[in-house]
Amino acid sequence: MTKDLMPLTEYLVDARKRKYALGGYCLWSYAYGMAIAEVSQKFNLPMLYIIGDAEIKFMGGLSNAVAAAKTIAGNVDVPVILHADHFRDYESICRAIDAGFKSVMIDASAYPLEENIERTAKVVEYAHKAGVSVEGELGRIAGNEQHLSLSEEESMQTDPDEAARFVKETGIDILATCIGTVHGAYRFPPKINISRLQKISEKVSIPLVMHGGSGTPEDKMAEAVNYGITKINIATDLVTTVGKAISKVQLQDGFNYTVANLYAPACADLAVYAEHKMRLLAKNIL
Ligand code: 13P
């Protein structure tokens, strides 16, 4: 049995109101996705998956990703959301929506503000007609290889006044903020700019997002949730968890190759990781 996927907005609006966040967990296989969905079900939290170009390609295309998420939805009693992560152009977002995505991110943050507004607003118009939630991004999230000075880093971060204008003029439902996190493992100590987030949250009332959740200090995550962060994207940590479990299990005495022997420990470790993060991010409501 399959079940429909859900738009994201209403869940994050509730999260902002009640000061909790959902992890946005990277999806690249039914089995690993299901391992995390069972934890969401345990806490009665919506299951939120994020998926980008690379994972979609790995799964064999948009419709396979949608089919996997709908099958997971059919196997749990909580809403399941599949969110297209960092899609960069109108055409690919239209294709994702036509394939069944109910939640998308348009990342036009590499463009100057005016062009970011224009590109994002165009996506909002198409998506909202189809009942699809839209996340936009303002500011630039650094790559993990970039060791920037504080002033360089600050100049890439989301400007609170521009954020207010961006939200108003695009009509987005959800705003991705750039406050010092990076995508991938940190290669230098993270400096998360909570005071900037606080200013953004004073000017912007829609749900806010933190990208680059892997390796971000948990005390900063918890603090960020108090200032409007409602979704924290997590990808690298999940891949690392799976990779470590698979390599470790093969070294055990008496290990023999069956699908269950090889992959079940990875699923179990993902569940432990997800449970820990859900307890942290949703501690105000659990
Ligand atoms: P990490 O890989 O650092 O967890 O970042 C994921 C992310 O933000 C995807 O948008």
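The values are calculated or read from the model by the stated rules, or taken from the named source; none is laboratory data. Small disclaimer: the values here were computed from a predicted structure and weren't measured. Reconstructed Cβ throughout: ideal geometry from the backbone, glycine too, with neighbour counts over all protein chains shown.
State which residue pairs qualify: first residue in contact (Cβ under 8 Å) with a residue 12 or more places away in the chain and inside the range 8-29, second residue acidic (Asp, Glu) in any location, beta carbons under 7 Å apart, and separation of 6 or more residues or different chains.
Thr9/Asp173; Cys26/Glu55; Leu27/Glu55; Trp28/Glu55
Just a yes or no: is a residue in the range 194-202 within 16 Å of the ligand (Cβ to nearest atom), surrounded by 15 or more Cβ atoms within 10 Å (Cβ to Cβ) and in contact (Cβ under 8 Å) with a residue 24 or more places away in the chain?
Going through the range 194-202, the residues within 16 Å of the ligand (Cβ to nearest atom) turn out to be 197.
Next cut, surrounded by 15 or more Cβ atoms within 10 Å (Cβ to Cβ) only: 197.
With in contact (Cβ under 8 Å) with a residue 24 or more places away in the chain added as a condition, the list becomes 197.
Looking for residues that are within 16 Å of the ligand (Cβ to nearest atom), surrounded by 15 or more Cβ atoms within 10 Å (Cβ to Cβ) and in contact (Cβ under 8 Å) with a residue 24 or more places away in the chain, one finds at least one in the range 194-202, hence yes.
Can you pull out the residues in the range 209-224 that are under 17 Å from His183 (Cα atoms) and either among the charged types (D, E, K, R) or in a loop (DSSP other than H, G, I, E, B) (or both)?
Matches in the range 209-224: His211, Gly212, Gly213, Ser214, Gly215, Thr216, Pro217, Glu218, Lys220.
Table: residues versus (1) more than 30 Å from Lys129 (Cα to Cα); (2) outside any strand (DSSP E or B); (3) aromatic (Phe, Trp, Tyr).
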{"site": "Leu197", "(1), (2), (3)": "yes, yes, no"}
{"site": "Glu202", "(1), (2), (3)": "no, yes, no"}
{"site": "Gln252", "(1), (2), (3)": "yes, yes, no"}
{"site": "Tyr257", "(1), (2), (3)": "yes, yes, yes"}
{"site": "Ala271", "(1), (2), (3)": "yes, yes, no"}
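Considering Glu135, Glu114, Glu118, which residue is in contact with a His (Cβ under 8 Å, 6 or more places away or on another chain) and on the phi < 0 side of the Ramachandran plot?
Values: Glu114 fails: in contact with a His (Cβ under 8 Å, 6 or more places away or on another chain); Glu118 fails: in contact with a His (Cβ under 8 Å, 6 or more places away or on another chain).
Answer to the selection: Glu135.
Quick one: in the range 241-269, which of the residues that are under 22 Å from His183 (Cβ atoms) and loosely packed, with under 15 Cβ neighbours inside 10 Å is nearest to the ligand (Cβ to nearest atom)?
Gly243
From the set of residues in the range 225-239 that are assigned to a helix (DSSP H, G or I) and in contact (Cβ under 8 Å) with a residue 60 or more places away in the chain, which is farthest from the ligand (Cβ to nearest atom)? Steps first, please.
In the first step, residues of the range 225-239 are kept if they are assigned to a helix (DSSP H, G or I); the result is 225-226, 236-239.
If we keep only those that are in contact (Cβ under 8 Å) with a residue 60 or more places away in the chain as well, we get 225-226, 238-239.
Numbers: Val225: 16, Asn226: 20, Leu238: 8, Val239: 8 Å.
Among those residues, the one meeting the criterion is Asn226.
Can you tell me which residue among Asn256, Asn233, Asn261 is over 22 Å from Met34 (Cβ atoms) and modelled with pLDDT of 95 or more? Give the steps one after another, and end with the answer.
On the way: Asn233 fails: over 22 Å from Met34 (Cβ atoms); Asn261 fails: over 22 Å from Met34 (Cβ atoms).
Step by step, each of Asn256, Asn233, Asn261 is checked, and only Asn256 is over 22 Å from Met34 (Cβ atoms) and modelled with pLDDT of 95 or more.
Check Lys231, Lys283 and return the single one that is farther than 24 Å from Ala54 by Cα and basic (Lys, Arg). Walk me through how you get there before you give the answer.
On the way: Lys231 fails: farther than 24 Å from Ala54 by Cα.
Being farther than 24 Å from Ala54 by Cα and basic (Lys, Arg) holds for just one of Lys231, Lys283, which is Lys283.
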